[in-house]
Amino acid sequence: MNFATSDCLSDDKTTYICDRKFSCGCSSDLTIRGRIFGGENVLSYSWGWIVSLYRSNIFFCSGSLISSNLILTAAHCIQPELLKLSQITIIAGSNTLSNRDGQGQLRHIYEVFIHPDFENKLKLNDIAIIRLSKPFDMSNSRLAIVCLPNAITAELITKLEYPIPGTTLVVIGWGITEYSRMYPSTILQQVTVKAVASTSSDCTTSTREMVNVTVHFCAGVPGGGKDACLGDSGGPIMAFVDNRWQIVGLISNGYGCALPGHSGIYTRVAYYIPFIETIKNQNQTIYSSVIATCLIYYKKK
């Protein structure tokens, strides 16, 4: 979404003002661009689409609301051979893990759509959609839906990356914030980074051949110090476009956390808009369902 920016604050504390005429990309409060690893606590309910995922009441990943009953997340978070549907709960509307502030709504999963070409080792096509057993109550001002980008083809990616290198992006999550503290943050964190060109050494050498430029993009800051980390997987990286927040990537992979010369790796959401829209429109004729460990795992015919 495109928020207007105010220069009365320092450069790393710019206030974004959302245009609330849009049905997505706007939360109930102003959002301040901050410093997850090298980050800071978010303002109360400034990111209404973020959800936390729990397995047997233990937090393990994040996701983003793209409708009242659909959540976009990373496929490696929801692997059929590792998880059972009945074990997973999802909370929206709370900035704290395990709904410590008592403000969240809890839901269960009805089905999961994992990209048919997901490959875990290199995190290729690391994207999945969760359909809830019951929609979230979007009349609650603490909840919101994030905007999706326009579709971008593989051919266009080779000519013009999206997000465009140098674009300011915001990452949010509950992952670890220090190596000395190997457990999640109890309060949602945010950090500001920039999209990195796929040809940059920070993207090509730091990631140890883990980047496929069609399905991935890199983001970070020169010199390191700001990044997503363990526990942030599946959460969003967002750009402020046309006064709305837009989810341009999913936290997927990387080499270490916030290391100099090592950008984070994100699933390029724009490339997967056809996959996402297929699920949103419930037009699943190109898929056949296979039951695997209590999840609906979709593969091409």
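The values are calculated or read from the model by the stated rules, or taken from the named source; none is laboratory data. Keep in mind that what you see is a predicted model, and the values were worked out from it rather than measured. Neighbour counts are summed over all protein chains in view; Cβ atoms, including those assigned to glycine, are modelled from backbone coordinates with ideal geometry.
Taken as a whole, the condition of being assigned to a loop (DSSP other than H, G, I, E, B) and more than 16 Å from residue 62 (Cα to Cα) does not apply to residue 145. Figure legend. Inter-residue proximity from the stretch 83-97: first residues among the charged types (D, E, K, R), second residues not in a strand (DSSP E or B), beta-carbon distance below 8 Å, spacing 6+ or different chains. Indicated pairs: 84/293; 84/294.
For the stretch 175-193, taking the residues that are at pLDDT 75 or above and surrounded by fewer than 19 Cβ atoms within 10 Å (Cβ to Cβ), the one that is nearest to residue 249 (Cα to Cα) is identified as 187.
Kindly indicate whether residue 93 is surrounded by fewer than 16 Cβ atoms within 10 Å (Cβ to Cβ) and not aromatic (Phe, Trp, Tyr). Spelling it out, it is not the case that residue 93 is surrounded by fewer than 16 Cβ atoms within 10 Å (Cβ to Cβ) and not aromatic (Phe, Trp, Tyr). If only residues of the stretch 250-266 that are under 25 Å from residue 186 (Cβ atoms), surrounded by 24 or more Cβ atoms within 10 Å (Cβ to Cβ) and not hydrophobic (A, V, I, L, M, F, W, C) are counted, the one that is modelled with the lowest pLDDT is 254. Scanning the stretch 227-248 for residues that are at pLDDT below 90 and either in a loop (DSSP other than H, G, I, E, B) or within 8 Å of the chain's Cα centre (by Cα) (or both) returns 228, 229, 230, 231, 232, 233, 242, 243.
In summary, strands (runs of 3 or more DSSP E) completely within the stretch 25-92 and bearing 3 or more residues that are more than 14 Å from residue 108 (Cα to Cα) and at pLDDT 95 or above occur at 58-67.
The one condition from (1) at pLDDT 90 or above; (2) touching a Leu at 6+ places or on another chain (Cβ under 8 Å) that residue 18 does not meet is (1).
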